[in-house]
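Only the coordinates and a few stated rules stand behind these numbers; no lab work does. None of the values given here were measured: they were computed from a predicted structure. Cβ placement follows ideal geometry from the backbone for every residue including glycine, while neighbour counts extend to all protein chains displayed.
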């Protein structure tokens, strides 16, 4: 019974990983690709570790620490990459003119 | 069965890496191709050392010394691959250093700009 | 056109060779004689629970020394190619920022939480080389990743390259010195019987293998950090 639940969770995690890979191939722009890669793989990792915890209940604490580590590092690194891409001027696909970072920088520069 | 799958994956990675090295015009993609090539080779070496129903060659209370021989995979390819991974990374570092200098002098990342020694 | 034809031909022929390898491969059913003797010798003779580390640091220790030499050569060549101070701003082109852009608050907070965790993890991996999966090289690479995190978060901070170079050379020299002591006091070069073997599976066991792991970890970590520092744009 526990193994069935664990297997379903691991399968769901693998499906999210697959969607991450598909998203990285099909997304039109660097920023959307980064978004697809980070969000889907973080969720896939967490589901995989949860499914593994059902298989081996004795490992729960270690798996929790690993999940915490993944949640700390993935979003921070993707944030740093996206800011670096923005600052060297990679264009956004389908630019609707809304750019919160540019507005914020402009406001900061006009205040100082 | 397991090592057949892993062996096939490693050989496929070698082919993909080699195709990437031969086809692309951008230096960075060629370097990524080299890295894939190296990773494929490491996977092939580790896959050859697998013994059916074996486990990792680390002895603790679930794997006492007396039954170690019958239940353990080959440790020698793992030891070789530990060395090989570090050296592969070091070679990638040298390749990237060369890329930086080439970009400084040619202002482009395409290998079509480096045709001076071609006849 | 002819080039892509040759590329496809090369890949197809190589694929055919690989296919014959993959089809004709049958899994090993039992260990080969050399592997069997290693799996028997390492726990009894060396007192190490991790067979791979025992092989890497005693029976094949000369290969490890050669790899240490290769890493040193790579660090020297990266320093030569990227030559400190040679990359003047006028030859770098128009895409140069005026000053290093400071990192955002998320990255700074994240690295303040992560850098101690990564360092503890690296020390754990190095010290556990002889008991469980781990070892000198693996821990050294994790130390270098911690240094990389700090370099990315505080781009104006100059790390002390002189200290790292001295630490790396000292660790390498002590490694060879331990080997020579093994030549004098025990069975051969880099033998681990110079220190008592201790109880199997304890933290301080397996003779000189923990000391060699620590020296390797320090050397590899400092070396990779020096290589990473050379890649930064010079002010």
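Before moving on, here are some points about what is shown:
- Along each principal axis, Cα extent of region C:98-154, largest first, Å: 48, 21, 10
- Rg/Rh for chain C, where both radii come from Cα atoms and Rh is the Kirkwood radius: 1.09
- Region A:2-93: radius of gyration over Cα atoms, expressed as a fraction of 2.2 N^0.38 Å: 1.27
- Going from the residue with the fewest nearby Cβ atoms within 10 Å to the one with the most, C:231, B:34 rank C:231, B:34.
- Enclosed volume per residue, in Å³, of the convex hull spanned by Cα atoms of the protein assembly as shown: 203
- Degrees separating the helix B:27-48 axis from the principal Cα axis of chain B, which is the longest one: 20
- Neighbour-count order for C:1, A:24, fewest beta carbons within 10 angstrom listed first: C:1, A:24
- Principal-axis tilt of helix B:2-23 within chain B, Cα atoms, nearest 10 degrees: 10
- Helix A:2-26 and the longest principal axis of the Cα set of chain A meet at an angle near 30°.
- Taking label positions 7 Å along the Cα-Cβ direction at both residue C:174 and residue B:29, the computed distance is 4.7 nm, reported to one decimal.
- Derived from the Cα gyration tensor, the three semi-axes of the equivalent ellipsoid of region C:1-91 are 39, 34, 8 Å, largest first.
- Over the protein assembly as shown: helical MRE at 222 nm, DSSP H runs n ≥ 4 each giving -39500 (n - 2.57), nearest 500: -23000 deg cm²/dmol
- The residues B:89, A:1, C:73, when put in order of fewest to most other Cβ atoms within 10 Å, stand as A:1, C:73, B:89.
- Translational diffusion coefficient of region B:31-103 (Stokes-Einstein, Kirkwood radius from Cα pairs, 4 °C, 1.567 mPa s): 90 µm²/s.
- Highest-MSF residue in chain C out of C:187, C:24, C:140 [GNM, Cα springs under 10 Å]: C:24
- P(r), alpha carbons of region C:158-235 - 5 Å bins starting at zero, rounded %: 3, 16, 19, 17, 15, 11, 8, 6, 3, 2, 0
- Stokes-Einstein diffusion coefficient of region B:69-119, Kirkwood radius over Cα pairs, 20 °C, 1.002 mPa s, in µm²/s: 150
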